[in-house]
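Below is one structure, written out as structure tokens; the observations come after it.
What follows draws every value from the coordinates through simple rules; no lab data is involved. Every value quoted in this text rests on a predicted model; they were computed, and no experiment measured them. Every residue, glycine as well, gets a Cβ built from its backbone with ideal geometry; the counts of neighbours run over all protein chains shown.
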Amino acid sequence: MKKRNSKNVSIFSEIAAVASVYFAMIYVLIIIPNVLSNVGIPYNAAFLAVCLASAFGCFMCAVFAKKPFVFAPYIGENSFLAFSAVMIMGYSYREALGCAFWAAVAILLIAMTDIKKYLIDNIPNCIRSALPVAIGLFLTILGLLEMGVVQISSRSLMLKLGELNTLPVIMGMMCLVIIIVLRALNVRLNVLFGIAITLLIAAFKGLIPIPVFSIPEFSNVFMQLDMRETLNLNYLTLIITFFVFLLNDMTAVSVSALNHTKQKDVTDYQGTIMATAISSCVAPILGCVSSGVYPESVLAVECDAKTKFVPITLGIMFLLSIFLIPFLSVIPSYICAAVLVYIGILLTSEIEHKGYSAEEFSEYVPAFLMVVLTCFTVNLAVGICAAFLVYLVLKICTGRFMDINLVSILFGVLSAIFFVFYPY
């Protein structure tokens with residue numbers, strides 16, 4: 001029988017949430033270090049930085065948000081740092097981290113004022129409603145690509161069906177099917193059971209290599225950001241880009257996660273944004289970019305978790321993960337991919353239009369473009385920025401000035417700046 005306290009909180013639900021979310025988040029500990037290793041950062045050092053940033057973010061979530069959410073560095077921002085800022089735009093790793101730090105400081109200044117409440121409350125309804133769908137489909141595409149169910153065609157650069165007869169694809173699909181079937185049977189630990197069963201089969205088939213222990217060298221990433229030099233106006237473009245990236249992700253994912261808690265208290269997102277701002281300031285010091293609430297928080301809500309026990313415990317588990325680098329690094333990517341697809345299913349399961357219809361094009365088109373461009377570019381920031389920019393342009397061109405507020409103007413202008421300086 002489940003034990004409950006006076007607030008009707010199930011201890012079993014809290015523990016189940018921690019287990020499900022932690023194993024669902026393992027892909028972050030694998031993917032981001034791999035991304036950062038492309039710019040010469042040792043994998044183990046990047047792994048350590050991500051673990052510490054995730055733990056710190058979870059602790060900040062417990063202090064300020066007091067919600068059963070999981071915090072970790074965003075994959076999008078870290079991918080932008082490695083592939084765009086460093087490899088394409090030519091900045092050094094230290095300069096990129098410095099720019100990300102100052103962008104986070106600007107976010108923190110906003111979070112310390114009542115501006116944050118005004119920002120959230122005045123996001124257009126069409127964009128707010130489409131956010132979970134865009135994020136859900138974004139995660140689904142990432143999962144299907146990582147699993148191998150779909151591939152990018154070398155001829156047309158379009159997606160095509162992958163080789164479904166290969167063992168990794170079969171194993172990934174099997175993991176997803178197990179998770180979905182258990183969910184349909186109302187098994188709360190469906191994600192955990194799906195991961196465990198697939199891991200056992202993979203181990204039996206000899207698909208998991210023997211882990212090799214090595215000690216990470218944290219000095220390669222800790223305090224490597226260039227704070228002083230990046231205050232130069234030459235770095236303003238990159239700072240603005242990181243600022244728009246983080247501001248959009250922070251508001252988008254926070255609103256999406258809070259919507260699933262079915263709670264209307266305005267202090268919810270204020271605490272979440274403050275935790276995100278502080279965590280994002282600390283992350284560059286540790287060696288990675290940003291740290292905020294993740295869509296995987298939906299799994300905790302699915303388990304009926306309600307308290308800050310979840311982020312506190314997850315923070316401790318992220319710290320303990322430092323000692324599990326050899327073991328976590330051998331977990332097959334197709335298992336993480338299957339969980340991504342499942343989370344995408346959860347986020348898109350409540351598609352609805354709030355306050356607008358498909359006939360009202362000035363409302364429908366921004367929402368449509370956000371979903372479509374997020375999927376086609378596999379970049380959440382592009383989709384969100386396109387939605388805000390098109391929303392502002394359509395309202396002006398159709399003379400619907402009453403629908404325009406300072407938030408839509410701010411995000412529209414920042415989105416325009418984002419596309420002007422985006423590394424095409």
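Each label point is 7 Å from the Cα along the Cα-to-Cβ direction; what then is the distance between the points at L109 and F12, in nm?
Going from the L109 label point to the F12 one covers 5.1 nm.
Using θ = phi - 60° and the Karplus form 6.51 cos²θ - 1.76 cosθ + 1.60, what ³J(HN,Hα) does each residue of region 333-342 get, whole Hz, x for Gly and Pro?
Per-residue couplings from phi come out as 5, 5, 6, 4, 5, 4, 5, 4, 4, 5 Hz.
Once phi is turned into θ = phi - 60°, what whole-Hz ³J(HN,Hα) does the Karplus curve with 6.51, -1.76 and 1.60 give for every residue of region 129-137, x standing for Gly and Pro?
Using θ = phi - 60°, the values come out as 5, 7, 4, x, 5, 4, 5, x, 5 Hz.
Run the simple label-point estimate for L167 and L200 please: 7 Å along Cα→C-beta, distance reported in nm.
2.0
Which order do the peptides 122-129, 338-345, 292-299 come out in when sorted by mean C-beta neighbours inside 10 angstrom, highest first?
Values: 122-129: 20.0, 338-345: 24.5, 292-299: 27.9.
So the order, starting with the most tightly packed, is 292-299, 338-345, 122-129.
Each label point is 7 Å from the Cα along the Cα-to-Cβ direction; what then is the distance between the points at T377 and K160, in nm?
2.6
Can you list the residues, at least 5 places off or on another chain, whose amide H is less than 5 Å from the amide H of L159, using H built in the peptide plane?
Here the answer is S153, since their amide H atoms fall under 5 Å of that of L159.
Which far-off residues, 5 or more places away or on another chain, put their amide H under 5 Å from the one on V150, with H placed in the peptide plane?
Answer set, sorted by chain and number: L145, G162.
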